[in-house]
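Only the coordinates and a few stated rules stand behind these numbers; no lab work does. Being a predicted model, the structure only gives us computed values, none of them experimental. When we count neighbours, we look across all protein chains shown, and the Cβ atoms used for this are built from the backbone with ideal geometry, even at glycine.
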C-alpha cells in the first residue's frame, strides 16, 4: 500500500494548499486599507514574467478572506499574482493552459493580516552576490547555459555574466562584496586587473567608503575607480571634454558624438 504524504516525507502534519485563478484574487489598492502595499503599483518585471511562464509560481502566496467584502485578498504575494496575470495573457496567445497560483489561507482581523504582510516581506534573508555566483556556476557545470540561468534567476544574461565574474576575482574582492563594502560592478571592474592590483585597489575603495553612506560613499569610490566624471549634457560640453580626454573615456565621448572610435 502506498504511503500517505505525511508518512512518505516523515512530516508531522500538513495543511491544504489551494489553487487560484489569479483573476479571482483581490489585490488591495486602497491606501487606507491595513494590508495596502504601495508596491502594488510597481511596473512589471519582464524577467519575472518569463520565469513564471517557465517555472510556474513556486512559492504559495498568503490569502485572507475579508469578512466585510467576501473577497479573497492577497496578504503576501502580490507580485506573483500580478506577474501570473501577465504570464497567462501571453500563454493564452500561444494557445497554452493558464497557470494557477498556489495559496495558503490565514484567518484573523485586517490588522492582524497587516502584521503577517510585513513579516512575510521583511523577515527574509536574501542570497549574497557570491552565493548567487556559486549557484550559477554549479548550474553551468550541470549543462545549463547562460540563457537558462537568466530565466531561472529572473535576470538578464548580462547580469548572469557580471555575477559569474565575481568568481574570477581575488578573495579580497569577494570578501569586500560580501561585506557590502563595494558593489558587484566595482568587483567586476577590479576582476580585470592583475591580482595584486585588485588587492591594492579594493583597500583604497574600502578606505574611501569608511564613515560614508549613500551618494557620498558612491562619489568617493567613483573617484578611486576613476569614474567620477562630470555628467555632460550638451554637444559643446562633450566636444570640449574630448579635447583633453584619452583612452576609453575619449572613445566613449566620440561614440556619443557619433564619430569613429579611433585612438
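Quick look at the numbers
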item: Segment residue 123-residue 138, length gained on full extension (0.36 nm per residue, minus Cα span); result: 2.7 nm
item: Debye log10 I(q)/I(0) at q = 0.11 Å⁻¹ for the chain, Cα point scatterers; result: -0.91
item: Label-point gap, in nm, between residue 47 and residue 9 - each point 7 angstrom along Cα→Cβ; result: 2.9 nm
item: Packing-based exposure ordering (other Cβ within 10 Å, fewest first) of 12, 156; result: 12, 156
item: Ranking of 46, 68 by count of other Cβ atoms within 10 Å, fewest first; result: 68, 46
item: Contact order relative to length of the stretch 110-263, as percent, for alpha carbon pairs under 8 angstrom and 6 or more apart; result: 13 percent
item: When the convex hull of its Cα atoms is projected in every direction, mean area for the stretch 109-172 (nm²); result: 6.2 nm²
item: Exposure proxy order (Cβ contacts within 10 Å, fewest to most) of 32, 227; result: 32, 227
item: Pairs of Cα atoms farther than 24 Å apart, the stretch 129-225, %; result: 27 percent
item: 222 nm mean residue ellipticity, helices alone, for the chain (DSSP H n ≥ 4; -39,500 (n - 2.57); rounded to 500); result: -15000 deg cm²/dmol
item: Convex hull projection area averaged over all views, the stretch 1-114, Cα basis, nm²; result: 9.6 nm²
